[in-house]
Amino acid sequence: SPEADRLVDFGRGRGTGTGRFVRSLKLGDVVTVWGKARFGGWTNNVEFVKVEIYWAI
């Protein structure tokens, strides 16, 4: 979609715009963090990652 393309232009992922991903999580789902350089030839040095996800039932 054009909206997703605009997010990518700003360096964000296609799935970051609406919160739909987090709302679709179910008990037992796994969230994985992948460190990835934005452009080919770049390096990505990740020193720390912390993910906290909260939701109410």
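The values are calculated or read from the model by the stated rules, or taken from the named source; none is laboratory data. This one's a predicted model, so the numbers in the text were calculated from it and none came from an experiment. So basically every Cβ, Gly included, is an ideal-geometry build from the backbone, and we count neighbours across all protein chains shown.
Residue count for the stretch 33-57 satisfying the condition of being modelled with pLDDT of 85 or more and among the aromatic types (Phe, Trp, Tyr): 4.
For the stretch 39-57, a residue qualifies if it is charged (D, E, K, R) and either surrounded by 10 or more Cβ atoms within 10 Å (Cβ to Cβ) or under 15 Å from the mean Cα position of the chain (by Cα) (or both), and the qualifying residues are LYS50, GLU52.
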